[in-house]
Amino acid sequence: MTTTTPAPASGAVADGRRWAVLAICCVAAALLGIDNSVLNYALPSLTDQLHPSSTQLLWIVDVYGFVLGGLLIFAGSLGDRIGRKRLLLLGVAGFGAASALTAYADDPGLLIAARALLGVAGATIMPSTLSLVRNAFTDPRERTTAVGVSSGVGAASFALGPVVGGLLLDHFWWGSVFLINVPLMALVLVAGAIVLPESRNPHPGRLDWAGVPMSIAGMLGIIYAIKTAARDGVDQPAVWIAAAVGAVSLTAFLRRQRRLAEPLLDLRFFRNAAFTGALAANVVALFASSTLSLACSLYFQVVHGWSPLMAGLALLPGPLSAAFGAPLSTVLVQRAGRARTVALGLLLMSLSTAAFVRVTPHTGYWHLLPLLVVNGLGVIFTFAVTSDTILASVPRKRVGAAAAISETGTELGSALGIAILGSVLTTLYRNDLHLPALLGAGHRSAARESVAGGVQTGRQLGGATGRQVVDAARAAFTGSMHVTVVAAAAVMLAGALFALRTLKDVPAVLDQHVEDADPAGAATAPAPAATA
């Protein structure tokens, strides 16, 4: 079948400039990815200097994700109204300022507040970068390539966090991992102000201010409940209170959105099979892959005893293969279609994840390297295509809201994966841990807490008993890892079948610039190009 590429919309960006737009947006998104993964490696030195309580330490780790997840929907809709460039530049400036405040925080309370501000800024940056890339590239094939490159850079940035953090922490104090954001964000701010084109909804209507607190309360409640349940268990009162607040707020929010002509969250998007299928594939992929990332990090650092820097370098081939495989996803879409490309990506992720069932405490790294590379290719084949499908399935003037929904799905998928499969990993470890009979109650409790606790307890004991505890912890962890990766692989296989079904009628060249009158028909009802 022959397809023709439509002429660029009147708002198209000049050839050289749009690739510069992509570069700026990729740098901004990469800095978010690095910052999101680097904190855990700064925690030991941070704890030594600031002496936070256990509760404060949990808030230092979690507050960024809570705030970011709660604000994404509002931020995406706000960008459609005030301008995506303006919102991005405000977020970049805020992120740089909050990074400096975080780096020089001399009190746990100040650090928590600074991390919350980072979450606010991050929520404005994430949907803005995707929206600007979507609007800069009007040619559908170029757009698919650009979104693929952006997704590849985003995937690589999460693995760069441990590497960057390890290098900085070897030479500087803990705040350096945040301070490095300041000059880089300043560069993005200047370049963005000069290069980025402005885009917005030309007729946005009134912002639903009454729905904003409902949206924030709903998302904060749900995300808080999921993360707290994963950490402390589902029997904690705080989990059920947060879940109830989140559920009630979201229910009220969704009912309100159905009645509004210009909602924050346009529920008609979900009637579009392309949009819903791609979003579901994203959630499934993050649900399973987040747990594999956690398990591999623990395996390299605790079972093999590698430093955070070495573990980060060991994981790097997966995201690098994703980054370099991004252009290939465009070729696959043109030859095999979107449904088959996404299904292939999820299948590769499923098979490579299931193959970790053969891992033992003594497996060499070179046996794992091919699995990491294949998994990285599966990640990019999935996310490059699903992200492009989500953005191209909605009117250009509402692309910010769609990008926010996509990022929210990513946050929820990752949180649910850690909460559910991460809990499975921990529970099975405790059930499979066989400790020496004469081990004291205190040591036994510490060893059962986690594989890191088990290995640390064994090293503290020393001697033959210590070696037995270390070996038992490593064996129990790899055994629990086997069951968990099989469960994750099964979820991804189901996701592949779902993608084949829901995306089967979505064309390879998805170039729709429809009016807001019928967002649900964006994937199937072509209309003349419109500026946005």
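The values are calculated or read from the model by the stated rules, or taken from the named source; none is laboratory data. Every value quoted in this text rests on a predicted model; they were computed, and no experiment measured them. When we count neighbours, we look across all protein chains shown, and the Cβ atoms used for this are built from the backbone with ideal geometry, even at glycine. Only protein heavy atoms, including side chains, enter the accessible area calculation; ligands, DNA and RNA are left aside. Shrake-Rupley method; radii C 1.70, N 1.55, O 1.52, S 1.80 Å.
If you go through the stretch 379-415 and pick out every residue that is touching a Gly at 6+ places or on another chain (Cβ under 6 Å) and more than 24 Å from V331 (Cα to Cα), you end up with 4. Taking residues in the stretch 386-399 that are touching a residue at least 24 places away in the same chain (Cβ under 8 Å) and within 13 Å of P140 (Cα to Cα), and partners anywhere that are of a type in the set (D, E, K, R) and in a helix (DSSP H, G or I), the pairs with Cβ atoms closer than 7 Å and at least 6 places apart or on different chains are D388/R143; T389/R338; L391/R134; A392/R143. Residues in the stretch 271-296 that are among the polar types (S, T, N, Q) and in contact with a Gly (Cβ under 8 Å, 6 or more places away or on another chain) were compared, and the one that is surrounded by the most Cβ atoms within 10 Å (Cβ to Cβ) is T291.
Would you call L503 modelled with pLDDT of 80 or more, surrounded by 23 or more Cβ atoms within 10 Å (Cβ to Cβ) and among the aliphatic types (A, V, I, L, M)?
Here the answer is yes, as L503 does meet what is asked.
Of note, P308 does not satisfy the criterion of being open to solvent by less than 40 Å² (accessible area, probe 1.4 Å) and not hydroxyl-bearing (S, T, Y).
Considering the stretch 131-167, the residues that are of a type outside the set (G, A, S) and within 23 Å of V38 (Cα to Cα) include one that is farthest from the chain's Cα centre (by Cα), namely L167.
Of the residues A490, A464, A446, A475, which single one is in a helix (DSSP H, G or I), open to solvent by 20 Å² or more (accessible area, probe 1.4 Å) and closer than 15 Å to Y299 by Cα?
A475
Consider the stretch 452-461 and keep the residues that are open to solvent by 10 Å² or more (accessible area, probe 1.4 Å) and closer than 20 Å to C296 by Cβ. The one that is modelled with the highest pLDDT is Q456.
Within the stretch 206-248, the set of residues being under 13 Å from A419 (Cβ atoms), within 20 Å of the chain's Cα centre (by Cα) and not polar (S, T, N, Q) comprises I222, I223, Y224, A225, I226, K227, A229, A230, R231. Scanning the stretch 361-380 for residues that are of a type in the set (V, I, T) and either in contact with a Phe, Trp or Tyr (Cβ under 7 Å, 6 or more places away or on another chain) or at pLDDT 90 or above (or both) yields V373, V374.
Consider the stretch 124-138 and keep the residues that are polar (S, T, N, Q) and within 11 Å of R18 (Cβ to Cβ). The one that is surrounded by the fewest Cβ atoms within 10 Å (Cβ to Cβ) is T138. Scanning the stretch 337-367 for residues that are among the hydrophobic types (A, V, I, L, M, F, W, C), touching a residue at least 12 places away in the same chain (Cβ under 8 Å) and exposed (fewer than 15 other Cβ atoms within 10 Å of the Cβ) gives a single hit, V357. Restricting attention to the stretch 400-432 and to residues that are open to solvent by 10 Å² or more (accessible area, probe 1.4 Å) and without any contact (Cβ under 8 Å) to a residue 60 or more places away in the chain, the residue that is nearest to A323 (Cα to Cα) turns out to be T426. In the set A274, A288, only one residue is touching a residue at least 40 places away in the same chain (Cβ under 8 Å), under 25 Å from the mean Cα position of the chain (by Cα) and closer than 30 Å to L369 by Cα; that residue is A288. Filtering the stretch 1-46 to residues that are surrounded by fewer than 16 Cβ atoms within 10 Å (Cβ to Cβ), of a type in the set (V, I, T) and modelled with pLDDT of 70 or more leaves nothing.
Restricting P361, P370 to residues that are assigned to a helix (DSSP H, G or I) and either within 14 Å of N282 (Cβ to Cβ) or over 13 Å from the mean Cα position of the chain (by Cα) (or both) narrows the list to P370. For the criterion of being within 17 Å of the chain's Cα centre (by Cα) and modelled with pLDDT of 80 or more, F383 passes.
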